[in-house]
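Rule-based calculations on the coordinates, nothing more; no lab input. Keep in mind the model is a prediction, meaning the values are calculated, not measured. Positions of Cβ are generated from backbone atoms using ideal geometry, with glycine treated the same way; all protein chains shown enter the neighbour counts.
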Amino acid sequence: MAGSIIAVAQQKGGAGKTTLTAHLGAALAGLKRSVALIDIDPQQSLTAWHAVRTARGDAPPLELRQISGWRTGSEVGRLKRDFDVILIDCPPHGETDARAAVRAADRVLMPIQPGPLDYWAAKQTIEMAERERTDFVLVLNRLPARGKLAGRIREMIAADGLKAAKATLGNRQHFASAIMEGLGVTELAPRSTAAQEITALAKEVVRGL
């Protein structure tokens, strides 16, 4: 069976796309899925994380391709024959490259931080996914430990008839610490709340694909 393709896209910078892609890839691998990562962001942050991971020598291997966005379709075509899940880390402000990834994907994940400005900024990516007729899910990311803002954003999303993942990601130090070590949080701190959150999201986003 061909692999499932998930693009992690958000036109607003700083939303946490690369962090989400890395942790999700490690979590899916921990769930016994074969995973390939594609980095089409010119900043190559995912590629840098993968280099740290490879240099460790003790982390489970994850396949990675760093390519230009226009090659996304052909690269996905090759990888989906050999991997269960292909995750694409998209660039911010790169509409042409992001569009190629959204077009190739079965599902788009859009991380947003819990604030109205971030949600409004996601509208451009939402419109792109709708034009390409690609299923998409909003992921509430970096949620504060307290406060009612997340609930209000969920109400805004529901009022617009859009879909948000049930699983959310908190603003937790373990996420950043794992990235620095070239790991996913499920590998660095498998019993942590952060690991539980990303595992729940991993199970949710691949369900039905």
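Calculated from DSSP H runs of 4 or more alone, at -39500 (n - 2.57) each and per residue, what is the 222 nm mean residue ellipticity of the chain, nearest 500?
-13500 deg cm²/dmol
Between A2 and A55, what FRET efficiency comes out of the Förster formula 1/(1 + (r/R0)^6) with R0 = 35 Å and r the beta carbon distance, rounded to 0.05? Show your work: numbers first, answer last.
Values: r = 32 Å, r/R0 = 0.91.
The value I calculate is 0.65.
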Taking the chain as a Gaussian network, where each spring joins two C-alpha atoms under 10 Å apart, which residue of L62, L188, L117 fluctuates the most? L117
Using Kirkwood radius over Cα pairs in Å as the read-out, say which of (i) 16.8; (ii) 18.7; (iii) 17.6 was calculated from these coordinates. (i)
Nitroxide proxy distance, nm - points 7 Å out along Cα→Cβ at N171 and R146: 1.3
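Once the Cβ-Cβ distance between A159 and E130 is put in as r, and R0 is 22 Å, what FRET efficiency do you end up with, to the nearest 0.05? List each step's numbers first, then the result.
Numbers: r = 17 Å, r/R0 = 0.76.
Plugging the Cβ-Cβ distance into 1/(1 + (r/R0)^6) gives 0.85.
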Please work out the Cα center distance from the range 165-204 to the range 87-133, rounded to the nearest Å. 22
